[in-house]
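Please treat every number below as a calculation from the coordinates, not as lab data. Just so it is clear, the model here is predicted, and its values are computed rather than measured. In this analysis, Cβ positions are derived from the backbone assuming ideal geometry, glycine residues included, and neighbour counts consider all displayed protein chains.
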Amino acid sequence: MSYTLTSAATATGLNRTTILRAIKSGKISGAKDEHGEWHIEPAELHRIYPPVARTEARPDATPQYAPGDDIELRIRATLAEARLADLKATLDDMRSQRDHWQAMAQRLAITD
């Protein structure tokens, strides 16, 4: 019997996105069925993430995160900031080109 993402998250005390991120990064293997739902074998899941005791796996419990999540979030934030800086530089360049062409059009309109 395999786990779905939700049942795997409940069994480990983690968030569904943490389990999905582990699948996509190759830490654990999972397969999608014909309905697009993920299935993870219990042995594969618990090879990386230990199971929580049944008393701890409450639906109202605060999800716990994998040890590498904070590092990954910092890396993503740094990459996003770099991308934003690149986009701002591109926008500034486009504005200066627009201003140049606008000035040229005005000069041509005056001479006509």
Practice task
Determine the shape class of segment 67-112: with a ≥ b ≥ c the square roots of the Cα gyration tensor eigenvalues, call it rounded for a/c under 1.5, and otherwise prolate if a/b is greater than b/c, oblate otherwise.
Solution key: prolate
Practice task
Just report the Cα centroid separation between segment 66-100 and segment 2-23, whole Å.
Solution key: 31
Exercise for the section: Please sort 33-45, 9-21 by packing, taking for each peptide the average over its residues of neighbouring beta carbons within 10 angstrom, highest first. Expected result: 9-21, 33-45
Completion exercise
Both in Å, the radius of gyration and Dmax of the C-alpha trace of the chain are 25.2, 84
Exercise for the section: May I ask you to derive the relative contact order of the chain, considering only C-alpha pairs under 8 Å and at least 6 residues apart, and to give it as an integer percent? Expected result: 27
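How high is the FRET efficiency between Ala103 and Leu79 when r is their beta carbon distance and R₀ equals 35 Å, given to the nearest 0.05? Please list the in-between numbers first.
Working: r = 37 Å, r/R0 = 1.05.
That gives a FRET efficiency of 0.45.
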Exercise for the section: Round to the nearest 0.05 the FRET efficiency obtained for Asp69 and Asp92 when R0 = 35 Å and r is the Cβ-Cβ distance. Expected result: 0.50
Completion exercise
Sorting Met94, Ala105, Thr78 by the position of each Cα along the dipole of segment 67-112 (Lys, Arg +1; Asp, Glu -1; all at Cβ), the one nearest the positive end of that ordering is Ala105
